[in-house]
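Presented below is the structure to which this report refers.
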Amino acid sequence: MSKFWSQVVRELEPYVPGEQPQIDGLIKLNTNESPYPPSPEVIKLMTHDAIDRLRLYPDPNSKKLKNTIAAYHGINAEQVFVGNGSDEVLGLAFMAFFQQAKPLLFPDISYSFYPVYCKLFGIDFETIALRDDFTIHFGDYNSQHNGGIIFPNPNAPTAMGKPLTDIEKLLQKNTETVVIVDEAYIDFGGETAISLVNKYPNLLVVQTLSKSRSLAGMRVGFAVGNVDLITALDRVKNSFNSYPLDRLAEAATIAAFEDDTYFQACRDKIIATREWTVKELETLGFSVLPSQANFVFAKPAGNNAAELAQKLREHKILVRYFSAPRVNEFLRITIGTDEQMQRMIEVLKSV
Ligand code: PMP
């Protein structure tokens, strides 16, 4: 605390991301990044000319990128909003839609950034408990009394997805407030709700380039929805930062979308490695929740998750452990390369 801090800063409870330590030979399975490099087409863009152009501001509306995303998903460019990572897109969306008289609803076990935004923007919220099997039940969400609904699909950290039919039922019931589907991990086995945006004007779908397209270090995320929702996001963005995406980030994202073959190859490898990892973990006595993501949420038989995370760390393998009730018996393990996962399984066997 410092006397220079404003009241708002004194009361903040900032989000704490997974560690990014600089340790040689570290196997990093703690923040759900891709183990594969970005598309070679992205690497080709880093030319002398591209660097020279960094003296100029980028396009404040990232028009070319919006056209690319729109063409990829079969929508109009006016239905796309882009930002500096999906965290920023989500933050702007919380401000644009959820400062309401009624509380925002989200699952009790979910992305831990949501309550942080609520605190920052003074948004009242209610968490809805996942069922005992860690599933989300939309029937538990009160459609008459909410200022909005948000959930990740697949959920994090459980990795469990909801079918599109269930999401559509929620949208049929909940027509008066904005519903955000946070699809950070959708490419690893889920079904995107982007196909529903033309039918439901209150649906906003948020995705990221950080996971399935190997660009976490570039910080690019986007939202897709009805033009009215996108206009609201633009109003907030243009009151805060006119140029959220730099020139290299825009160009890299376009290249990543255009190289669909590379994207699919990386995604398929991660899914195959995930299936292998799940079998191996189950053989070691872990219970693993069904994963549609690039990570698994796994509970060791001996109820010693914290200790195992520490042991793995001693062997230079980082996984994520959450100490909160109900999730403190689990490890969240990002899917790396085959070699990395084999090493992790070896270490688990040895400890
Ligand atoms: N949503 C969820 C559910 C996430 O797990 C993450 C990654 N921490 C994000 C959004 C944000 O990802 P990014 O800002 O890298 O796009």
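Observations on the model:
- Residue check, ASN202 surrounded by fewer than 22 Cβ atoms within 10 Å (Cβ to Cβ) and on the phi < 0 side of the Ramachandran plot: yes
- Cβ-Cβ under 8 Å pairs, at least 6 apart or on other chains, the range 255-274 side polar (S, T, N, Q), far side crowded, with 19+ Cβ neighbours inside 10 Å: THR273/ILE335; THR273/GLY336; THR273/MET341
- Just one of the listed residues (ALA159, ALA184) is touching a residue at least 60 places away in the same chain (Cβ under 8 Å), buried (at least 23 other Cβ atoms within 10 Å of the Cβ), at positive phi and not β-branched (Val, Ile, Thr), namely ALA159.
- Cβ separations smaller than 6 Å between residues 6+ apart or across chains give the following pairs from the range 28-48 residues that are under 20 Å from ALA293 (Cβ atoms) to residues that are outside any loop (DSSP other than H, G, I, E, B) and away from the ligand (no atom under 16 Å from the Cβ): TYR36/CYS266.
- Search result, residues across the range 268-315 that are within 23 Å of ALA184 (Cα to Cα) and polar (S, T, N, Q): THR273, THR277, SER291, GLN292, ASN294
- Unique match (being without any contact (Cβ under 8 Å) to a residue 40 or more places away in the chain, assigned by TED's automatic domain parsing to the domain that holds ILE123, under 27 Å from VAL42 (Cβ atoms) and away from the ligand (no atom under 16 Å from the Cβ)) among GLU191, GLU176, GLU168: GLU191
- Filtered residues of the range 312-351 (kept if in contact with a Lys or Arg (Cβ under 6 Å, 6 or more places away or on another chain) and under 11 Å from ASN30 (Cα atoms)): LEU318, ARG320, ARG332, ILE335
- Hits in the range 162-181 (condition: open to solvent by 60 Å² or more (accessible area, probe 1.4 Å) and more than 19 Å from ASN226 (Cα to Cα)): PRO163, THR165
- Residue list for the range 93-115, restricted to those being surrounded by fewer than 22 Cβ atoms within 10 Å (Cβ to Cβ), over 17 Å from the mean Cα position of the chain (by Cα) and assigned to a loop (DSSP other than H, G, I, E, B): GLN99, GLN100, ALA101, LYS102, PRO103
- Within the range 50-82, the set of residues being touching a Lys or Arg at 6+ places or on another chain (Cβ under 7 Å) and within 16 Å of the ligand (Cβ to nearest atom) comprises VAL80, VAL82.
- Residue check: VAL80 meets all listed conditions (1) in the same structural domain as LYS199 (by TED's automatic domain parsing); (2) of a type in the set (A, V, I, L, M); (3) closer than 22 Å to GLY336 by Cβ but one, namely (3).
- Scanning the range 59-85 for residues that are touching a residue at least 12 places away in the same chain (Cβ under 8 Å), open to solvent by 70 Å² or more (accessible area, probe 1.4 Å) and more than 20 Å from LYS237 (Cα to Cα) turns up just one, TYR72.
- Long-range neighbours under 8 Å by Cβ, at least six apart or interchain, first residue among the charged types (D, E, K, R) within the range 213-240, second open to solvent by 70 Å² or more (accessible area, probe 1.4 Å): ASP228/PRO201
- Residue match in the range 12-29 (condition: of a type outside the set (Gly, Ala, Ser) and on the phi > 0 side of the Ramachandran plot): no
- For the range 1-43, a residue qualifies if it is over 30 Å from VAL319 (Cβ atoms), at pLDDT below 95 and surrounded by 11 or more Cβ atoms within 10 Å (Cβ to Cβ), and the qualifying residues are VAL9, GLU11.
- Scope the range 15-27; condition in contact with a helix residue (DSSP H, G or I) (Cβ under 9 Å, 6 or more places away or on another chain) and away from the ligand (no atom under 14 Å from the Cβ); matching residues: ILE27
- Top-ranked residue in the range 206-239 [being open to solvent by 50 Å² or more (accessible area, probe 1.4 Å) and within 16 Å of the ligand (Cβ to nearest atom); ranked as nearest to PRO58 (Cα to Cα)]: ARG219
- The one condition in (1) crowded, with 18+ Cβ neighbours inside 10 Å; (2) closer than 30 Å to ILE333 by Cβ; (3) touching a strand residue (DSSP E or B) at 6+ places or on another chain (Cβ under 6 Å) that ASP140 fails to fulfil: (1)
- Condition met for LEU92 (within 16 Å of the ligand (Cβ to nearest atom), in contact (Cβ under 8 Å) with a residue 40 or more places away in the chain and out of contact with any His (no Cβ under 6 Å at 6 or more places or on another chain)): yes
The values are calculated or read from the model by the stated rules, or taken from the named source; none is laboratory data. In this text the structure is predicted, and so the values were computed from the model without any measurement. Cβ coordinates were reconstructed from backbone atoms using ideal geometry, including for glycine residues, and neighbour counts include every protein chain displayed. Protein only, heavy atoms only, side chains kept; ligands, DNA and RNA dropped before computing areas. Shrake-Rupley method; radii C 1.70, N 1.55, O 1.52, S 1.80 Å.
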